[in-house]
Amino acid sequence: MTHVKTDPDAGEITATYDAVIVGAGFAGMYMLHKLRGLGFSARVYDAAGGVGGTWYWNRYPGARCDVKSVDYSFSFDPELEQEWEWSEKYATQPEILRYANHVADRYELWPDMQFDTRIESSRWDGSRWIVTTDQGDVISAQHVVMAVGTLSTPKLPEVPGIDTFTGAKYQTSKWPHEGVGFTGQRVAVIGTGSSAIQSIPIIAAQAAHTTVFQRTPNFSMPAGNRPLDGSEKEIKSRYRDYRQAAKESFFGVPIAGDTVSAFTVSEEERNRTFQAGWDDGNLVGLIGAYDDILYDKGANDFAADFIRNKIRETVEDPDVAETLCPFNHPVGTKRPCLDTNYYATFNRPNVDLVDLRKTPITEITRTGVRTTAGDIDVDAIVFATGFDAMTGSLVAVDVEGVGGATLREAWTDGPQTYLGVAIAGFPNFYAVTGPQSPSVLSNMMVSIEQHVDWIADAMTYLRDHGLTTIEATPEAQEAWVAHSNELAEETLYPLANSWYMGANVPGKPRVFLPYIGGCGVYRDRCNEVAANDYDGFKLA
Ligand code: FAD
Ligand code: NAP
């Protein structure tokens, strides 16, 4: 650590780096590896006690990826991808966390990472960032890389009385490391998003009784998870081409062949195609089956009806089945889910479903959950109620850019970025998989690697050209935001009250947060900007 000078606002500077990296998830780890390899000094800070980000925090029963393991992994080092063996089609949280730790070991990242340390503020002093932590560090850095995650600020529901409950309370996103046993207990699960849909079957199999509180039913498809029996070896034998196809694809996962409109084929053929997607057990099997599913309500209805019929075939009680059928949003416009026995779980005699659209929660009491229909007493409540997605962890840090302007104020009407990675008024400040980039609409590993590479290239360009700052121009940013919004308006996404739209957080502006142009197109655009000497950026 170098003691350089005193910052009048933050105190004595305790360390100086080329880059501060906030977050030790996959984004932060790869950013550190990449920058060190290029000769930059960098340090990672994370509030967590270890690496892995999402996979450090979300240890709830059933947690696993829903992008195939062979896709949901780093591609930057062919040796790493060859030596690591995934054991299941969709790896579990412990296995993914082991992978994250393996990456940290393999590339000896540990000495340059600091844990149990939250970044509290980042202030531009005219030439560098002064970054402070809750542990008293005051760091001077030329660049700040926010690898803070898009689903990393957990959210409890806005219901009164949560603190009064005397039983056990859990959040899927802050699950105890020692695990939780539910044997013999009456358990409430609030929420029916991906986290709930993965955990409910396992909780229900263990608990004496499980009550699921559902506000919005979700579309879920069977994961068809299985041990990997060597089939991934074939992919590994052509990993470079496979990864390239992922990079050029729409969602960051390679899909065979071109698609056509759902209206150009017969009902029989459509259902055969949907069935094949359903049987293959992947997120894009249905929504990617035809090129208008996410754009045309009629086309979308074909896929939605297919899934609703599957729910009705699976769930024995017709009323419960109907309650589980989503009707208020097109399939895909809220993040779809992959499950193992989710719908069948409602055939268990020890599982109840409460429809919060009919009987909303009024409060959490000392003994359980109160709805307008009465009290349900439980021993434990599991909150699977999501995140302040995409912007939450960015605005949680007190970021002050040029002239003291704050990021929070700059984003009052919703996030404003150039390419989803840079922000006008905030030089040398980067958001990995930030809003208005493909991010959460994609296989995140593909998007993380692309952003990290792009940021590292930009920093190298500055260094090589004797420059010190790169800052998005307001004009380029405005045009990018408008372009991103226009693309979203052409889709069905704005029809849903989703976290993609910021709808799950009271008071959050309703704007479509990610970029829906597709990973390949987006990558080309970013490369083009870089090739044109960082078109749309002010370099100094
Ligand atoms: P994260 O993994 O979220 O890491 C960010 C880190 O930053 C966290 O450790 C956090 O503690 C730290 N941090 C944030 N703010 C601060 C601060 N101010 N100071 C210090 N530290 C800070 N994506 C997929 O593509 N496929 C999947 O199958 C998939 N499954 C998922 C399952 C779950 C349960 C969740 C919640 C998300 C899933 N995602 C999935 C998205 C997932 O978040 C990304 O795939 C990926 O792990 C994100 O990595 P990251 O490094 O960008 O962010
Ligand atoms: P989520 O999708 O936002 O789901 C939160 C759930 O809580 C929703 O059902 C929501 O209902 C409900 N809820 C919120 N506030 C409520 C309230 N006041 N009363 C009643 N219900 C309330 O969150 P998540 O399940 O944690 O998933 C977030 C994202 O993380 C996913 O979309 C996905 O991208 C990722 N993820 C992936 C996996 C995986 O399979 N690999 C697993 C978990 C998470 P409404 O819909 O009505 O708001």
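Computed from the coordinates by the stated procedures, all read-outs in this text should not be read as laboratory data. No experiment lies behind these values; they were computed from the predicted model shown. Counting neighbours? That spans all protein chains shown, and the Cβs are built from the backbone with ideal geometry, glycine included.
A few points about this structure:
- The simple Förster model, with R0 at 45 Å and r as the Cβ-Cβ distance, assigns Glu409 and Val260 a FRET efficiency of 0.45.
- Taken one residue at a time, the phi angles of the range 78-85 give Karplus couplings (6.51, -1.76, 1.60, θ = phi - 60°) of x, 5, 4, 5, 7, 7, 7, 10 Hz. Gly and Pro are set to x.
- The range 397-420 residues near the modelled Arg118 label - backbone nitrogen below 12 Å, point 7 Å along Cα→Cβ: 397-398
- Proximity of backbone amide H atoms, modeled 1.01 Å from N, is registered between Glu120 and Thr132, Thr133, Asp134 at under 5 Å, excluding neighbours fewer than 5 places apart on the same chain.
- Backbone geometry of the range 430-438 corresponds, through the Karplus equation with coefficients 6.51, -1.76 and 1.60 at θ = phi - 60°, to 3J(HN,Hα) couplings of 10, 10, 6, 6, x, x, 6, 10, x Hz, x marking Gly and Pro.
- Residues His483, His209, His177, His451 arranged by fewest to most Cβ contacts within 10 Å: His177, His483, His209, His451
- Percent of Cα pairs exceeding the 19 Å cut-off, where the set is the range 440-540: 53 percent
- Relative contact order of the range 458-524, defined on C-alpha pairs under 8 angstrom at six or more residues apart (%): 23 percent
- Between Ser237 and Asp319, the FRET efficiency estimated from the beta carbon spacing at R0 = 51 angstrom works out to 0.50.
- 5 angstrom amide H check on Val212, placed H, neighbours 5+ away: Val189, Asp352, Leu353, Val354
- Glu83-Glu178 pseudo-label distance in nm [points 7 Å out on the Cα-to-Cβ vector]: 3.5 nm
- Listed by Cβ neighbour count within 10 Å, with the fewest neighbours leading, Thr133, Thr468, Thr385 appear as Thr468, Thr133, Thr385.
- Entry note, the chain: relative contact order of 19 percent, from Cα contacts under 8 Å with a spacing of 6+ residues.
- Database remark: amide H of Gln171 closer than 5 angstrom to the amide H of Phe383 (H placed geometrically; neighbours at sequence offset of 5 or more, or on other chains; Pro and chain starts carry no H).
- Antiparallel beta bridges, as assigned by DSSP with both residues in the chain, represent about 40 percent of the total such bridges.
- Our helix-only sum for the chain, with -39,500 (n - 2.57) per DSSP H run of n ≥ 4 divided by its residues, gives a mean residue ellipticity at 222 nm of -9500 deg cm²/dmol.
- Each part gets one Cα centre, and for the range 483-540 versus the range 218-234 those centres are 30 Å apart.
- Residue order, fewest to most beta carbons within 10 Å, for Ser127, Ser194, Ser249: Ser127, Ser249, Ser194
- Alpha carbon centroid spacing (whole Å) that separates the range 340-400 from the range 447-476: 42 Å
- Cα-based helix-to-principal-axis angle, 474-489 vs the chain, degrees rounded to 10: 10 degrees
- Crossing angle, helix 239-248 versus the chain [Cα axis fit, 0-90 degrees, rounded to tens]: 90 degrees
- Coupling constants for the range 178-192 follow from the phi torsions by the Karplus curve (6.51 cos²θ - 1.76 cosθ + 1.60, θ = phi - 60°), and in residue order they are 7, x, 9, x, 10, 3, x, 9, 9, 10, 9, 10, 9, x, 9 Hz; glycine and proline get x.
- Cross-link partners of Lys297 among lysines (Cα-Cα below 20 Å; sequence separation of 8 or more within a chain): Lys310, Lys334
- R0 of 56 Å, Cβ-Cβ distance Arg525-Asp352: FRET efficiency to nearest 0.05: 0.70
- On Cα atoms only, tilt of 519-531 relative to the major axis of the chain in degrees: 10 degrees
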